[in-house]
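The values are calculated or read from the model by the stated rules, or taken from the named source; none is laboratory data. In this text the structure is predicted, and so the values were computed from the model without any measurement. Don't worry about glycine lacking a Cβ; one is built from the backbone with ideal geometry, like all the others, and counts go over all protein chains shown. What goes into the accessible areas is simple: the full protein's heavy atoms, side chains included, and nothing from ligands, DNA or RNA. Shrake-Rupley method; radii C 1.70, N 1.55, O 1.52, S 1.80 Å.
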Amino acid sequence: MDIQAYFEEWSRRPGETVRMAISTPYPSVRATLVRLVSGPGQGETVEGRTVDFSSALDATVPGRVQSTAIGSYAQLPLRAAIAGGAVSVHCWAWPTVPEREAPQTIWSLGEIALLIASGAIQLRSRDETILSIEQALVARNWYSIVATIANGQALIDLQRIGGKVGAHRVATAKTSAEVSATTLTLAGSGIDSIGSPLKPYNGKIDSPALYLTGLASQIVAALHAGKHPEAKPWASWALDRDFAAEAIAPAFPGGRPGRLFNGAERGVTGRNWDGRSDSFLEVPGQYCALQFHDDDMVDSNWDYDLAFQLPETLSSGVYAVRVDAGGSRNHFPLFVRGKTGGGAPVLFLAPTNTYLAYANDHLASLDFSSVMPHDKVVPADEEYLFAHREPGRSCYDRHGDGTPVRYSSRRRPLFNVRPGFPNWLTGSYRHFPVDMYIIEWLEHVGIGYEVATDEDLEREGRALLDRHAVVVTGSHPEYWTRAGLDIVDGYLNEGGRVMYLGGNGFYWVTSRYADKPSVIEVRRDNSGTRCWDAPYGERTHVATSELGGIWRSRGRGPNRMLGVGFASEGWSKGCGYRRLDASYDSPAAKFFDGVPEDVVGDYGHVLGGAVGDEVDRFDIALGSPEHAYVLGTSTGLGNEYQLVIEDMTLSMPDQGGAQRPDMVRADMVLFPIDGGGCVFSVGSITYGGALAWNGCDNGLSRLTANVLTAFASREPVF
């Protein structure tokens, strides 16, 4: 991908300034603005039909390659400069990949560093090894480590916590090295010009402390035992508070706060976690660890190359900055809001939390062949991610050391959030490109609509939704904060209408940092359909103190609010909906005017049907309202579609769509709410691809347009 870019803010109002960071090897870049008005493959280009807005932006800027800092670290200013003399450093360390040959730095003080390499622990001065303990470290075990340089002697005293054999190791050596430093750096031997740590570390570090003396053996033994010896540290830091902060408060008077860089993690279990609680709120003293990865990256932190003002008269919609350079072309989506105080009847809520959760995912490394019979064709741009760490990872991935990725940011190039970006899992499209089919359908229906993002919703609350008669979701609104759920629930209960045109929605607990809204946090519980398990004791979100997992496990599953909830996933042939009695003989039957067929949606741009990918069912036992009109149900899914994990208490065979059609299905439901609210839910990710089928001239499109017309009118639905 030879043109990479991202926006400072990807949601803007008319009159506001858009800033864009660009990286390319080409000498110049031309940027123009277009409006996206269709799904992929419509028209002559893969991105679909566009409307030219070069009158708002047509600029050429110099091209350059921008660099991204990779790897997390911490810098902790000392209470005063150290210039020789005796120095001892104690900390606990939990290395995740100590067997790697490449050196990894636990801490450094100037030119003196404590490192691990090939299972050994070493004290080095620059690149010269002062002393080493070979075969000292086993992955994912806690070690108490004292390192001392004093009176021409160097010492490492190592104690494995809970070790049964050979748990205590000591090494000494003569040295002429001295410590000269003003800062204690964790997880790096220094910082390069880009901002990446040198010899980065993978693992946790707990409660580092400095002593300006050598330590007697009884003091060292007390430190290893986790006791508080009589010797007090000259410098230490308060890691048992302010878990959402990047600043680290000193535990000594008059000190300057330390700082975490590049996504170092807090809210992780420390060396003394005993399993009695899995929340740093209840036992903060058991969460004094920091976790580092050599591939952490949450913000590319590039300089901005392009700035332009959106015209005051620009209509709300999904736009893109089209970037051309060296014969290459890319489109980067920009969500243009409605004017302040305005309000079209319809609000399309782009599921940007989902875009971020999947952004730059490495799921192609997994084997999905049992649930996707088509050939797996990974796009070249996606292959790029496996060879380059700079774009970062998704919340579906693991770091290189095997621990989960819990953060994702929009301030970096997002390879798979582009119009027309192909998806190997469906063999066609997923996420943003499928949402563009819904935009194409909205353009076809012709009712006025505006666009906003999940982030906009959480920031503005009910003031955003109340300007609109109906909210239309995207195809996969999976990731929701508590604030977002509360806003939508309140809107519905006070007369709002929602059309949930997707599947597997409202599923994972998600958090957003108040001071870093570009970043989301996802800590999966050990339940739900997932790509990794949360480490024990680490379910609580740092950003909001929210317990992670699926909303269903918190009593807030989507069935209660939207009538349907996650039932199955698979990526074989999709299907349509077989109409049920309520579609013929109920107050909701009017929405089928102009729809004579008994099966609707047995066609589509994605998996060949309106039902496919991930699907939701109506289930009163899970909170679906008993008064809902169940208008249709899927005609039948294959055994590639398996029952979701949360519906099973035992691992049993024969849980596929052909064997369990009672559970593995998608349902189309509609129900009123006292006060004028109403919900229409379809329970399938591929629904948008069917809406746009045949230029939106099909029965499913007409049915859904009838619902939209009624919901948008602000008149009583029934």
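Among the conditions (1) open to solvent by less than 20 Å² (accessible area, probe 1.4 Å); (2) assigned to a loop (DSSP other than H, G, I, E, B), Gln135 misses just one, which is (1). Where strands (runs of 3 or more DSSP E) fall wholly inside the stretch 62-118, the ranges with 3 or more residues that are open to solvent by 10 Å² or more (accessible area, probe 1.4 Å) and assigned by the TED database to the domain that holds Ser132 are 73-83.
Can you name the residue in the stretch 669-691 that is open to solvent by 10 Å² or more (accessible area, probe 1.4 Å) and assigned to a strand (DSSP E or B) and, of all such residues, is nearest to Tyr491 (Cα to Cα)?
So the first thing to find is which residues in the stretch 669-691 are open to solvent by 10 Å² or more (accessible area, probe 1.4 Å), and the list is 672-676.
Imposing the further condition that a residue be assigned to a strand (DSSP E or B) reduces the set to 672-673.
On the way: Pro672: 13, Ile673: 11 Å.
Within the stretch 669-691, the match that is nearest to Tyr491 (Cα to Cα) is Ile673.
The condition (being under 20 Å from the mean Cα position of the chain (by Cα), more than 25 Å from Asp619 (Cβ to Cβ) and open to solvent by 30 Å² or more (accessible area, probe 1.4 Å)) is satisfied by just one residue among Ser511, Ser545: Ser545. Of all residues assigned to the stretch 647-662, none qualifies as being more than 20 Å from Ser38 (Cβ to Cβ), at pLDDT 95 or above and either open to solvent by less than 10 Å² (accessible area, probe 1.4 Å) or assigned to a strand (DSSP E or B) (or both).
Among the residues making up the stretch 31-60, those that are part of a strand (DSSP E or B), buried (at least 17 other Cβ atoms within 10 Å of the Cβ) and out of contact with any Gly (no Cβ under 9 Å at 6 or more places or on another chain) are Ala31, Thr32, Leu33, Val34.
Taking the stretch 549-585 on its own, how many of its residues are under 19 Å from Gly699 (Cα atoms) and either in contact with a strand residue (DSSP E or B) (Cβ under 6 Å, 6 or more places away or on another chain) or small (Gly, Ala, Ser) (or both)?
Of the residues in the stretch 549-585, 9 are under 19 Å from Gly699 (Cα atoms) and either in contact with a strand residue (DSSP E or B) (Cβ under 6 Å, 6 or more places away or on another chain) or small (Gly, Ala, Ser) (or both).
Just wondering, is there one or more residues in the stretch 226-246 that are touching a helix residue (DSSP H, G or I) at 6+ places or on another chain (Cβ under 8 Å), aliphatic (A, V, I, L, M) and at pLDDT below 95? Taking every residue of the stretch 226-246 in turn, at least one turns out to be touching a helix residue (DSSP H, G or I) at 6+ places or on another chain (Cβ under 8 Å), aliphatic (A, V, I, L, M) and at pLDDT below 95. Comparison of Ser236, Ser180, Ser176 shows that the only residue that is more than 13 Å from Gln75 (Cβ to Cβ) and in contact with a Phe, Trp or Tyr (Cβ under 9 Å, 6 or more places away or on another chain) is Ser236. The residue that is farthest from the chain's Cα centre (by Cα), counting only those in the stretch 518-542 that are of a type in the set (D, E, K, R) and open to solvent by less than 10 Å² (accessible area, probe 1.4 Å), is Glu538. Selection of the stretch 395-408 for residues being surrounded by 21 or more Cβ atoms within 10 Å (Cβ to Cβ) and among the small types (Gly, Ala, Ser) yields only Ser408. Scanning the stretch 496-512 for residues that are among the β-branched types (Val, Ile, Thr) and either free of Cβ contacts under 8 Å to residues at least 60 places away in the same chain or touching a Leu at 6+ places or on another chain (Cβ under 7 Å) (or both) yields Val498, Val509. Scanning the stretch 183-212 for residues that are open to solvent by 20 Å² or more (accessible area, probe 1.4 Å), among the basic types (Lys, Arg) and in a strand (DSSP E or B) gives no hits. Among the residues of the stretch 556-607, those identified as within 19 Å of Pro625 (Cβ to Cβ), assigned to a loop (DSSP other than H, G, I, E, B) and touching a helix residue (DSSP H, G or I) at 6+ places or on another chain (Cβ under 8 Å) are Arg556, Gly557, Val564. Identify all residues within the stretch 589-613 that are open to solvent by less than 10 Å² (accessible area, probe 1.4 Å) and acidic (Asp, Glu); write none if there are none. Scanning the stretch 589-613 gives a single hit, Asp613. Screening Glu494, Glu478, Glu440 for residues that are crowded, with 20+ Cβ neighbours inside 10 Å, acidic (Asp, Glu) and in contact with a Lys or Arg (Cβ under 9 Å, 6 or more places away or on another chain) leaves exactly one candidate, Glu440.
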